[in-house]
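The values are calculated or read from the model by the stated rules, or taken from the named source; none is laboratory data. Computed from a predicted model, the values in this text were never measured in an experiment. Virtual Cβ from ideal backbone geometry, glycine too; neighbours counted across all protein chains shown.
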Amino acid sequence: ETGVTQSPTHLIKTRGQQVTLRCSSQSGHNTVSWYQQALGQGPQFIFQYYREEENGRGNFPPRFSGLQFPNYSSELNVNALELDDSALYLCASSIRANNEQFFGPGTRLTVL
Amino acid sequence: QQQVKQSPQSLIVQKGGISIINCAYENTAFDYFPWYQQFPGKGPALLIAIRPDVSEKKEGRFTISFNKSAKQFSLHIMDSQPGDSATYFCAALTQGGSEKLVFGKGMKLTVNP
């Protein structure tokens with residue numbers, strides 16, 4: 001059984017560009033949540049996907065968007081990158097209503 | 001408004017000692033309380049979790065104590081080891097709707113040999 005995987009590991013972009021981050025959920029999990037973790041802080045909830053639909057959103061602007069695919073993998077897209085978007089982006093997968101969320105290793109995004 | 005407050009921010013203990021991390025929450029709708037361990041450059045790993053109908057849960061060297069009336073919960077790490085040196089996060093979640101985790105700010109634990 002493979003755990004949650006994320007790609008790429010690291011990414012460097014410039015302000016104004018767009019980025020796509022990818023996540024493969026753990027086998028048997030049907031829900032994917034995305035979190036942003038700034039340096040020295042706890043993860044902040046961005047949004048969650050279940051049955052290919054957004055199922056809740058945190059305090060993030062619309063330029064943060066996502067997708068979930070039929071195989072439960074997911075993408076996080078960020079448009080018009082800002083310097084403050086520099087962070088570790090974490091994906092967590094779970095079984096709906098089970099509550100246990102298992103995190104991937106994250107993608108470190110640096111915006112210059 | 002920070003819904004989950006964690007203390008202390010950092011802790012240094014000697015090998016074999018007990019590490020205690022405290023968290024307080026405000027939202028009484030929270031009904032699932034996990035603890036995560038995170039090493040530098042890695043994602044958080046689920047350590048142990050508790051629901052409010054239980055006052056204590058133990059798994060190996062890790063114990064969660066839960067006080068529903070005080071809206072507080074804590075993690076005790078017994079016989080702390082240098083390999084336990086990491087950042088620990090408490091979190092809370094409301095079942096139903098969007099099952100989002102609300103995290104504390106984290107506590108950096110250093111266990112000296």
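List of remarks:
- Any chance A:SER24 is among the small types (Gly, Ala, Ser), in contact (Cβ under 8 Å) with a residue 40 or more places away in the chain and within 19 Å of A:ASP85 (Cβ to Cβ): no
- Test: residue in the range A:61-77 that is surrounded by 17 or more Cβ atoms within 10 Å (Cβ to Cβ) and in contact with a Pro (Cβ under 7 Å, 6 or more places away or on another chain): no
- B:LEU11 within 30 Å of A:GLN6 (Cα to Cα) and in a strand (DSSP E or B): no
- Looking across the range A:16-46, the residues that are closer than 19 Å to A:PHE64 by Cα, of a type in the set (Ser, Thr, Tyr) and either part of a loop (DSSP other than H, G, I, E, B) or under 11 Å from the mean Cα position of the chain (by Cα) (or both) come down to A:THR20, A:SER24, A:SER33, A:TYR35.
- Of all the criteria given as (1) more than 11 Å from chain A (Cβ to nearest Cβ); (2) at pLDDT below 95, the one not satisfied by B:LYS42 is (1).
Rundown of residues vs (1) more than 14 Å from chain A (Cβ to nearest Cβ); (2) crowded, with 17+ Cβ neighbours inside 10 Å; (3) within 29 Å of A:GLY56 (Cβ to Cβ), yes/no style:
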{"position": "B:ASP53", "(1), (2), (3)": "no, no, yes"}
{"position": "B:GLU56", "(1), (2), (3)": "yes, no, no"}
{"position": "B:GLN72", "(1), (2), (3)": "yes, no, yes"}
{"position": "B:LEU75", "(1), (2), (3)": "yes, yes, yes"}
{"position": "B:THR87", "(1), (2), (3)": "no, yes, yes"}
{"position": "B:ALA91", "(1), (2), (3)": "no, yes, yes"}
{"position": "B:GLY97", "(1), (2), (3)": "no, no, yes"}
{"position": "B:LEU101", "(1), (2), (3)": "no, yes, yes"}
{"position": "B:LYS108", "(1), (2), (3)": "no, no, no"}
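- Candidates are the residues of the range A:18-61 that are among the polar types (S, T, N, Q) and over 23 Å from A:PRO105 (Cβ atoms); the one that is farthest from the other protein chains (Cβ to nearest Cβ) is A:ASN59.
- If you check A:SER86, A:SER74 for being among the small types (Gly, Ala, Ser) and within 18 Å of A:GLY42 (Cβ to Cβ), only one passes: A:SER86.
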